Each structure stands twice: as C-alpha cells, then as structure tokens.
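Down below is the structure, laid out as structure tokens.
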Amino acid sequence: MLRLVGRNILRFFIVVLLQVLLLDNVMLGGYLNPYFYILFILLMPFETPWWLQLVSGFLLGLSIDLFTNTLGIHTAATVFMAFMRPYVLNFFAPRDGYEPDTYPRIHYYGLRWFAGYAVILTFMHHVVLFYIEVFHFHDFFSTLLRVILSTIITTSTVIVSQYFIFRK
Amino acid sequence: MRDILWLLKKYNYILVFILLEILAFVLINNHNRYQHSVLVNFNREIAGRLYSRVEGSREYLSLRKNNEVLVLENAELRNRIEELTNLLSDSTVIAAFEADSMALAGTDSTYLFIPARIVHSTYHKQFNYITIDKGRKDGLAADMAVISDEGIVGIILESSAHFSTIIPVINRDFHLSAKVKRNDFTGILQWEGRDHLVADLNEIPYHAEIKVGDTIVTSGYSAIFPEGQFVGTIKEYSLKEGNFYEIKVNLGTDFQRLYYVDVVKNFRQEEQRELESNLN
C-alpha cells in the first residue's frame, strides 16, 4: 500500500518534469504538442479514493500551470478529466468488473481496452484545455480540429510509454 | 468496481469537483490577462442586461411620477417660451415707447400654462366632457383654453374649487375658429359626433388652395386659444353646395389616450372682451 502511494507520487513528479522540461518544447506541425502528463491520471489505481482523484488532478494541473505560466487552465482541464474518470472506467468495465490487484494498464486489460479508455479521457481533457485557451467559440471547428489532432498525438505517446518506461 | 459505482452516487463528489473547477477559474481569471479581459467583458454584458431589466421595471413602476414631473416641466417650458416671445416682440415694439408704458402693460406674458391631470373623460358620446384635477383655487375659470402636447383639447366650461369641466373638441356643442396654417384661411371647427379622431372644418372658401395633409391651427380670434396652436391635419376634403369646402381634419389629440393637459390662462382675455363688447 505504502509502496503504491510512493510509486504514484514518484510518477507524478516524473510526468510533470518530463512534460515541462522535454515535451513542452516539442512542437509538431507548429502548434501541436503532446500533453503526456495526463498519463498520471490515467494510471491512478482503481481503488483511489474519490477525493484523492480530484485533488491529484488539481495538483497535477496546477504544477503544469506553474511552469507554463497559464495558471488555472491546465488545472481546470485535469480536474474535469479526473472527475470523469470513474464514469469512463465504469463504461469500459469488463463483464465481471475490474480484478483486485490490477491497474488500468495495457498489461492487465489489453491494448484495445486501454486505447478506448485513454482516447475518451484525453479528448475530454483536451476539449476543456483548448477551449479555455482560446476562450471563445468563434473558431469552434478549427479549435475542434486541434483538439482531435492533439488527442491522437497525446494518446499515441501515452500508449507507446506503456511498452517502455511505465510498463508496470 | 463496487467502490466506483458507490462514489458516483455520492453527492460530495460533484460538489468537490465544482469547487475545484471554480478555484481553477478564479486562477484563470486572476492570472491570465486575455481570459480575464474576456470574462470582464462577458460580466459587463450580463450585468448590463440585468441592470437595464431592473431599471426598466423600476421605471415602469414610477411612470406616473415621471409623467407628472414631465408635465410640470412642459408647462414651465411653455411659460418660458411665452415669456421669451413676448420679450422679443416687446423689445422691438416697445423700444419706441417710454419705460413706464411697459409697467402699464402689467404682466410680461400674455399666456400662462397650468398643468392638470384628467380624472374623468368620455370619448364615445355625442356630448363628451372631460374633468381635470385643477379648479378655481389653481386660478382656473370658465372660457380658458385647454391644450395638450399633441394639440388642442377644449375649453373650460365650469370650474369648482378643485376641479374643472372641459368641453372638448369632440363635443357637438364645441365651436372654434381655426385656420389653415399655410395660407391663413379661417373656418369653424366642429365635430359631427362620430369618430373621435376626426373633426370638421367648415366655411373655408372654395378659392382657398388646400391639400391633404395641410396643418390646421387655432386662429386666435376668440381670445381663448393662443394663435397657432396645433389642431390637426387635413384628412380629406370635398366641395359642399355653395362656395365652401367640407374638410375632414385628423385631430392631433387622441382623446382616448389623453392623461395630462395644460390649461391656458390668457391675461389679456378680459381686456380684449371688454374692447369687443364696447363695439356692440
């Protein structure tokens, strides 16, 4: 249990540092960059208390915001994502529920399951993030296009990471 | 798994979520200049609409008071105009006279306008009357003219201490000398007892050039109405037997929707009457 908490705290710092030091400098096609840090929310254990999910989401977004000088924007998106996670998990639940001692990972539930789960949540996160960033609905569809493209890129990095750094 | 479903039912979950989102938006508002400016604009728009709504209903509730204020102001302004026109004409004419002859003339203004509110009126009878809330105590007396912002209204028939009865244009006993403003041809304004928006102007001679839409004003011959008060516009006209037109006049005053009037007090009415009666 303590080991689990320690591992998650460690993961928290790793994704934040990875995001602000490395990935924020990656610009694909001029204005797309992967928001890899949401991996932390995706990988939180099933049994995480409800309040801790929300607070973790809040702290994660806040950390990113502090580095990118966009206070509140990532926070709003990550809190929303953390809030939606139980509903999405419930939607993707296997017939006899999630097994004890398993984690929401490719290793336990397969690529198909994880991809669906990750794409939905990432999309939700990006919708909030991008629309708060532009903060109006004039360019609704061009913003939506950015949301979709970024979702693809972010999800790809998240999935790839499952085979390398965050395997277990 | 059971845990997940259980927490969904928890109300707290949504409350904490909303709280954290509010916190996030407070941060966004306080630390992001662009989003802040958008929020401020949005807020101003919403607040502005709300305030105008509230103001609108508040205004509606105080309409009566506002009206009274406006009526007073109107009368005040009419008095000023009267004073000023008098001053203007006097100063050119009187320049030839001695200063003390001015003192003899008495008041500076010929006319005084006294605002009044209609307390009762009819408009659908043959002999309509209007009652207003000013009487002898306010200086009103019989034979004073009554006008409104839209046009002439009538003549005071009788005054009690606090009220006066007006015989309006839309009473079959009403007669008034009126003229076509454009060429000064004078006729008699009467009401034939049907439409409260239309009166008749008779005795305009056939050789007068008139057309639909011409303005009809008071002639000022009777010493009751000031000259040039708006009566209405010509609606249609036809040739009567003899050498006179039969003219229908669209009255400026809508007696159905009349609430406030001004009583015209003519300071020189008696003087004029006296002079005219000496002739007979």
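Quick look at the values:
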| read-out | value |
| --- | --- |
| Criterion (without any contact (Cβ under 8 Å) to a residue 60 or more places away in the chain and over 15 Å from the mean Cα position of the chain (by Cα)) met by exactly one of A:4, A:89 | A:4 |
| Residue B:237 vs. criteria closer than 30 Å to residue B:116 by Cα, of a type in the set (Phe, Trp, Tyr) and either out of contact with any His (no Cβ under 9 Å at 6 or more places or on another chain) or not in a strand (DSSP E or B) (or both) | no |
| Qualifying residue in the stretch B:132-143 (condition: in contact with a helix residue (DSSP H, G or I) (Cβ under 8 Å, 6 or more places away or on another chain) and at positive phi) | yes |
| Residue tally, condition in contact with a Pro (Cβ under 6 Å, 6 or more places away or on another chain) and at pLDDT below 90, over the stretch B:151-178 | 0 |
| Test set (1) in contact (Cβ under 8 Å) with a residue 40 or more places away in the chain; (2) surrounded by fewer than 19 Cβ atoms within 10 Å (Cβ to Cβ); (3) not in a loop (DSSP other than H, G, I, E, B) - residue A:60 fails condition number | (2) |
| Of all residues making up the stretch A:131-146, the number that are of a type in the set (Phe, Trp, Tyr) and at pLDDT 85 or above | 3 |
| Matching entry among A:46, A:91, A:80, A:12 (being within 11 Å of chain B (Cβ to nearest Cβ) and either among the small types (Gly, Ala, Ser) or farther than 28 Å from residue A:145 by Cα (or both)) | A:46 |
| Residues satisfying the stated conditions in the stretch B:4-25, i.e. part of a helix (DSSP H, G or I), at pLDDT 65 or above and facing chain A (nearest Cβ under 7 Å) | B:13, B:16, B:17, B:20, B:21, B:24, B:25 |
| Yes/no for residue A:71 being crowded, with 19+ Cβ neighbours inside 10 Å and in a loop (DSSP other than H, G, I, E, B) | yes |
| The stretch A:95-128, subset in contact (Cβ under 8 Å) with a residue 24 or more places away in the chain and not in a helix (DSSP H, G or I), residue farthest from residue A:163 (Cα to Cα) | A:98 |
| The stretch B:243-255, subset touching a strand residue (DSSP E or B) at 6+ places or on another chain (Cβ under 9 Å) and outside any strand (DSSP E or B), residue farthest from residue B:198 (Cα to Cα) | B:243 |
| Matching entry among A:66, A:32 (being surrounded by fewer than 19 Cβ atoms within 10 Å (Cβ to Cβ) and within 11 Å of chain B (Cβ to nearest Cβ)) | A:66 |
| Residues located in the stretch A:106-150, provided they are buried (at least 16 other Cβ atoms within 10 Å of the Cβ), within 24 Å of residue B:32 (Cα to Cα) and either touching a Gly at 6+ places or on another chain (Cβ under 6 Å) or not aliphatic (A, V, I, L, M) (or both) | A:122, A:123, A:125, A:126, A:130, A:131, A:133, A:135, A:143, A:146, A:150 |
| Criterion violated by residue A:105 - all others in (1) basic (Lys, Arg); (2) touching a helix residue (DSSP H, G or I) at 6+ places or on another chain (Cβ under 9 Å); (3) farther than 20 Å from residue A:10 by Cβ satisfied | (3) |
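The values are calculated or read from the model by the stated rules, or taken from the named source; none is laboratory data. What you see is a predicted model; the values in this text were computed from it and never measured. For neighbour counting, all protein chains shown are included, and Cβ atoms are generated from backbone atoms with ideal geometry for every residue, glycine included.
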